[in-house]
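*Asks:* The structure's right below; bear with me while I get my questions together.
The values are calculated or read from the model by the stated rules, or taken from the named source; none is laboratory data. Just so we're clear, the structure is a prediction, and the values are computed from it rather than from any experiment. Using ideal geometry, Cβ is built from the backbone for each residue, glycine included, and neighbour counts are taken over all protein chains shown. For accessibility, only protein heavy atoms count, side chains too; no ligands or nucleic acids. Shrake-Rupley method; radii C 1.70, N 1.55, O 1.52, S 1.80 Å.
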Amino acid sequence: MVTTIEKKSTNTVEVLEETLAKVILNGDLSKLSPAERIQYHNIMCDSVGLNPLTKPFEYLDLKGKLVLYATKNATDQLRELRKISIGEPKIDITGSSAVVTVTGTMPDGRTDDDVGVVWLDGLKGEAYANAIMKAHTKAKRRLTLSMGGLGMIDESEVDSIHGARRVDVDSTTGEVLAISEAVDIEDGSERKAS
C-alpha cells in the first residue's frame with residue numbers, strides 16, 4: 001500500500017507505509033534502503049520547511065541505531081522560518097563547568113528557555129573562551145530545536161554522547177560511505193574509543 005504525501009512544491013513523493021512504520025516504530029534509519037533514507041530525509045526537511053540542499057540533517061550511529069541529527073543549517077533556517085528571537089544569554093561559571101541559559105520568544109508571544117553546558121576543567125586561554133562559546137551555541141540550538149518542533153540531537157551535542165559515531169551518507173544515493181570512531185566520555189573529557 002502506498003501513501004502519497006503532498007509536498008509544499010508541486011511535486012509529490014510516494015512513500016511506502018512500511019518505510020514510515022519502520023522509522024516510527026524502531027527509530028532506526030539503518031533498516032531503510034538507501035532510496036528510502038533519501039525519501040525520509042527529504043520528508044523531514046519538507047515537514048518543517050527546511051531546504052534539503054543545505055544538508056540540514058546528518059546521520060549518527062547511536063547505540064546501533066542510525067538516526068538524524070540537526071546541523072547548524074537546520075537551526076539557522078528554523079530560527080529564521082519561525083522568527084525565533086533569542087535574548088541575552090545568562091552565563092554561570094560554577095566549579096568546572098559553564099552553564100549558558102538562553103530565552104527565546106516567538107511572534108505569538110510564546111517563550112521558552114534552554115541551557116548549554118560544557119566542562120572547563122583544565123582549560124585556559126583560547127580553549128577556555130571557545131568552551132564558553134560552545135555552551136552558548138548549544139543553548140541557542142537546543143532552544144531553536146525545541147521551539148521549532150524538532151525533538152532531536154544537535155550537532156553541537158554529538159561529540160559529548162558516549163559511543164556516538166558520525167555516519168557519512170551520500171546525499172544523492174542514501175548509501176552509507178563511512179562511519180567515524182566512537183567517542184568515549186570519561187570524567188568530562190573526550191577521547192576516541194579504542
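*Asks:* Output the residues belonging to the range 59-89 that are among the acidic types (Asp, Glu) and either crowded, with 17+ Cβ neighbours inside 10 Å or within 17 Å of the chain's Cα centre (by Cα) (or both).
*Replies:* Correct list: 61, 76, 80.
*Asks:* Determine whether the range 108-125 contains at least one residue that is free of Cβ contacts under 8 Å to residues at least 40 places away in the same chain, of a type outside the set (Phe, Trp, Tyr), crowded, with 18+ Cβ neighbours inside 10 Å and not in a strand (DSSP E or B).
*Replies:* yes
*Asks:* Residues 189, 97, 160: which one is loosely packed, with under 13 Cβ neighbours inside 10 Å, polar (S, T, N, Q) and either more than 28 Å from residue 53 (Cβ to Cβ) or modelled with pLDDT of 95 or more (or both)?
*Replies:* 189
*Asks:* Name the residues in the range 22-78 that are within 19 Å of residue 176 (Cβ to Cβ) and among the hydroxyl-bearing types (Ser, Thr, Tyr), would you?
*Replies:* 30, 33, 40, 59, 69, 71
*Asks:* Quickly run through the range 43-73 and pick out the residues that are assigned to a loop (DSSP other than H, G, I, E, B) and free of Cβ contacts under 8 Å to residues at least 60 places away in the same chain.
*Replies:* Those that are assigned to a loop (DSSP other than H, G, I, E, B) and free of Cβ contacts under 8 Å to residues at least 60 places away in the same chain: 49, 50, 51, 56, 64.
*Asks:* Also, quick follow-up: Taking residue 150 as the residue in question, decide whether it is open to solvent by less than 30 Å² (accessible area, probe 1.4 Å), touching a residue at least 40 places away in the same chain (Cβ under 8 Å), assigned to a loop (DSSP other than H, G, I, E, B) and among the aliphatic types (A, V, I, L, M).
*Replies:* Criteria met by residue 150.
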